[in-house]
Every structure is written in structure tokens, then in C-alpha cells.
Amino acid sequence: MHSIVLTSLLPVIFLIAIGFVACHAGWMRAEATKDLGRLVFMVLTPALLFRTMSMVHVEQLDFRPVAAYFTAVIALFLLMLVWGRATQRAAVLALAATFSNTVAIGIPLVGLAYGEAGMVTLFTIISLHALVMLTLATIALELAVARQAARGMAHPNTKAAWRRPVLDALRSGVLHPVPLPIMVGLLFAQTGWVMPTVLDRPLQLMGNAMGPMSLLLVGATLAKARIGAQLKGAVGLALLKNLLLPALVATIGVVLGLHGLPLTVMVVTASLPIGANVFMFSQRYNVAEELVTASVAVSTALAIASVSLVMAWAEHL
């Protein structure tokens, strides 16, 4: 296996394993895991995103990889939605098959493997990832809810039934701990100002802590997962997410003439395991909760092998 795959993946696997052992041994309580997760998501992640993007100018960004990435992701999402007859369950499973863990696993992995240049491509995807995918999933879910409710109404008003949730999704997609610091960081970069050392140093320290903490929490989450009877469905969703999606992204990227590091980062990002945000949707709508929980666990465990394969393959694109 190529050295870049080993040198970038082994630390990731090691930290996930430490988190798994720590939780399994009872060194981390469930309440503490939740609190640490909030700390990573609300403090450490925004610090890393803001600091990195505060040194990037818009003219340096290449949005072609982002366009190719979301073309593939949305195509697979809509295909699964149609296949499942646009039900709430179909919307949740479509999100599970297309929503990558770009922050907790993606940031430390891409940072180790591809450095600052790779991180800029990843952050460009991340800046739109939650906004596009969570909004798309919300629209699909709310339309499914509205259709179900309309069946029992004499004069259904479907537009009114889902307009407000969609607007709420758009607002929360912008005012979010991931895209917001990216956008604010980009705006700061365009001013030409230099970050004072008294602010830059704490941001750097918090950003450095984000990767290890996230990976430890991934391991702790795996230790608590219960798969059971959902194994078959979970494996199917994990294969769609970890292998089919990166193949689709690579195909569209090559057709659009992409090559080199941007295409590699885009394909590796697509191969990342299912993101934890899918939990939120399954729990909020009480749809496929056990299957989604099992799928996230299986997808993350499978990623140890599948991401290695995709990274080695992406080197030759």
C-alpha cells in the first residue's frame, strides 16, 4: 500500500482504537462523551475552520471540484429517493448514503494526507455540504410529511405545509457551526488584515486539538453502537456510501476534466463514512433510527479498509 495511505490512516485508526478502548473500559461515561462532542463541534471545529479560511482568498478557490462533487451526491440522493417512492424513510436513507463525515474524520485525515492545499479543497466542500444536503433532506422529508397529512385533509395546502420548515432549514444551514466560520473566515481574508498573534495562537491550539478529539469520540461512539438485526441493511448502506459514491464522484470529475489533488480530495471525501448529522434526522422524524445507528457504526468500521482502497486508487486518477 502506498506510503501516504499508511502514514495518514494509521494515526486515524490508532486514535479511533484508543477512543473505543477507553469507552469500552468505562473510562468515558456516556454523558461525558456527549459533552466532549458538543465542545468539539461548537468550539474546536469553528476555530479550525475560521483560522484556515482566514488565510485563503476567493480567487484561489477552484469551485469545479465542488460542482462535480455535489452533482454526484445529489444524483445518488434523488435516485434513492425515487427508488423508495419519496417516503420519509427513503429520504433518511438517501441522506445516509450521501452525507460524509467531513469534519470528525475528514479534516484530520485530509490534513495528514494532503496538507494545507488539500484542506482548502475540503473546506470548500464543507462550506456547502451541510447547507446543501441537510436542506435537500429537509425538503424531501417535509414534503413526505405534508403528503401524508394531506391525505386526511379536505382541502390540503401542501405549499403552506412545508414552506416554513424549508426556510428554517435554509437559515439553520447558514447559522451553523460549520459553514458560518468558513464564510466569516473567507470574508476576513478578503480584508487583507493580519490576525493578531494574541488571537491567532489560541485559534491554532484549538484547531490542533480538534482532530485528535474528534477521532477519540468516533471510537467511543463505535464502542456504544448496537447493530444486531440491522446488520444486512447497514452493510448495504455502508457499501453505497463508502464505495459507490466515490466511484460516482470520480467518474463525473474525470468527465468534467478534473485531475490532480482537487479530484483526489473530492473522491476521498466521498469515501468517508456516514456523518453523524444523519442521526439527527432519523431521530427528529422517528424514521429508521435503528438502521441509521447501525449504518453509521458499520460505515465507520468499514472505512478503515474502504478509505485505504479509495486513497490508493485516487492516487492514479
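The values are calculated or read from the model by the stated rules, or taken from the named source; none is laboratory data. No experiment lies behind these values; they were computed from the predicted model shown. As a convention, Cβ positions derive from the backbone with ideal geometry for all residues, glycine included, and neighbour counts pool all protein chains shown. Each accessible area value is taken on the protein alone, full model and side chains, heavy atoms only, with ligands, DNA and RNA left out. Shrake-Rupley method; radii C 1.70, N 1.55, O 1.52, S 1.80 Å.
Annotations
- Residue within segment 261-268 that is crowded, with 16+ Cβ neighbours inside 10 Å and not hydrophobic (A, V, I, L, M, F, W, C) present: yes
- The residues of segment 249-293 that are within 17 Å of the chain's Cα centre (by Cα), in a helix (DSSP H, G or I) and of a type in the set (A, V, I, L, M, F, W, C), listed by number, are VAL249, VAL265, MET266, VAL267, VAL268, ALA270, VAL278, PHE279, MET280, PHE281, VAL292.
- When ALA94, ALA47 are checked against the criterion of being in contact with a Gly (Cβ under 8 Å, 6 or more places away or on another chain) and modelled with pLDDT of 90 or more, ALA94 stands alone in meeting it.
- Count of segment 278-300 residues which are modelled with pLDDT under 85 and surrounded by fewer than 21 Cβ atoms within 10 Å (Cβ to Cβ): 8
- Filter pass, ALA67 being closer than 21 Å to PRO179 by Cα, crowded, with 21+ Cβ neighbours inside 10 Å and of a type outside the set (S, T, N, Q): no
- Residue ID - farthest from LEU222 (Cα to Cα), chosen from residues in segment 106-121 that are open to solvent by 10 Å² or more (accessible area, probe 1.4 Å) and touching a helix residue (DSSP H, G or I) at 6+ places or on another chain (Cβ under 7 Å): ALA117
- Of all residues in segment 224-242, those satisfying the criterion of being surrounded by fewer than 17 Cβ atoms within 10 Å (Cβ to Cβ) and assigned to a helix (DSSP H, G or I) are LYS224, GLY228, ALA229, LEU231, LYS232, VAL235, GLY236, LEU239.
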